[in-house]
Amino acid sequence: MVRNRPLWAPEEIDIERPSVARMYDYFLGGSHNFAADRELAEQARKVFPDAPHVVRANRAFLRRAVATLCDLGVRQFLDLGSGIPTVGNVHELAQRIDPGAHVVYVDSDPVAAAHATALLGERAHVHVLHADLRDPEAIVGEAARSGWLDFSRPVAVLIVSVLPFIPDEDDPAAIVAAYRDATAPGSYLAISHGTNDYQPEAVGKVEGVYTRTTQPGVFRSRAEVLALMPGYELLPPGLVDAIRWRPDPCDADLPDPLDGDVTRYSLLAAVGRHD
């Protein structure tokens, strides 16, 4: 069945093939997704009902990580797999602290890249690159040649809930290491990653659903996630459940939709520094 194409959808987009980025947008309550994305997202929710809460917890981790990195003096951010723009983007957080902060968003999804470009317009020090994070040389090269980022100074590389969509055969650890080697000493890496440590059967079903998307996903164990960060010294508290990574005291009185049950979130997070 061929569905009506929204006016904002680029002609080259296959609106019948669900996209990870657009499903994520749907879980966040966004509007830049297609019927196929929404239908598959609902199938994922059936086998993993907490999925929307996990996605929001992931965004909350991103906000806390960026705030922490800004406090550490970082003013350059490379956001890989940045997704479709929504409230609380990296540049909004970083430039609230320092209007001179530089941010480069990278995503392989054409809708994500197009909407980020349209939303940001001519905003100072913020750029969008439509590219696949599995090509670090091209991404770093373009950001450097264009003067968007100065790789002789510290850069925070953000890979938030993206590595699950890089299969083992693509060697995600080597990809992360390539970005590490391209950045100056004192740079940082922030990651989050779904884990199969708590609910292997449920997350296995989610993996089955995501085989129908543009980028099938895989959950990994804590040990496997830690192995994706070679050469980084993790900031306290290390690689932990995402909701326990430096929780914001201001949120202490807010109700947790999953009552703080880390097994239901099944989401790990960490920030590391390389010297």
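The values are calculated or read from the model by the stated rules, or taken from the named source; none is laboratory data. What you see is a predicted model; the values in this text were computed from it and never measured. All Cβ positions, even for glycine, are placed from backbone atoms using ideal geometry, and neighbour counts span all protein chains on display.
Taken over the stretch 162-178, the criterion of being surrounded by 20 or more Cβ atoms within 10 Å (Cβ to Cβ) and closer than 13 Å to residue 274 by Cβ is satisfied by 176 alone. The number of residues in the stretch 244-275 being within 21 Å of residue 234 (Cα to Cα), surrounded by 11 or more Cβ atoms within 10 Å (Cβ to Cβ), touching a residue at least 24 places away in the same chain (Cβ under 8 Å) and not polar (S, T, N, Q) comes to 13. Does residue 192 count as in contact with a strand residue (DSSP E or B) (Cβ under 8 Å, 6 or more places away or on another chain) and hydroxyl-bearing (Ser, Thr, Tyr)? Yes: the conditions hold for residue 192.
The set of residues in the stretch 216-246 being touching a Gly at 6+ places or on another chain (Cβ under 8 Å), part of a loop (DSSP other than H, G, I, E, B) and not aliphatic (A, V, I, L, M) consists of 217, 219, 232. Checking residue 255 against (1) over 27 Å from residue 167 (Cβ atoms); (2) touching a strand residue (DSSP E or B) at 6+ places or on another chain (Cβ under 8 Å), only one condition comes out false. Which one? Among (1) over 27 Å from residue 167 (Cβ atoms); (2) touching a strand residue (DSSP E or B) at 6+ places or on another chain (Cβ under 8 Å), residue 255 violates only (2).
Residues in the stretch 69-90 that are in contact (Cβ under 8 Å) with a residue 24 or more places away in the chain, surrounded by fewer than 24 Cβ atoms within 10 Å (Cβ to Cβ) and within 22 Å of residue 28 (Cβ to Cβ): 85, 86, 88. The set of residues in the stretch 174-215 that are part of a loop (DSSP other than H, G, I, E, B) and within 23 Å of residue 60 (Cα to Cα) comprises 196, 197, 198, 199. You will find that of 20, 54, the residue that is aliphatic (A, V, I, L, M), at pLDDT 95 or above and either within 25 Å of residue 132 (Cβ to Cβ) or out of contact with any Leu (no Cβ under 8 Å at 6 or more places or on another chain) (or both) is 54 and no other.
Set side by side, the residues 104, 126, 155 differ, and just one is in contact with a Ser or Thr (Cβ under 6 Å, 6 or more places away or on another chain), crowded, with 20+ Cβ neighbours inside 10 Å and either of a type outside the set (Asp, Glu) or more than 24 Å from residue 268 (Cβ to Cβ) (or both), which is 155.
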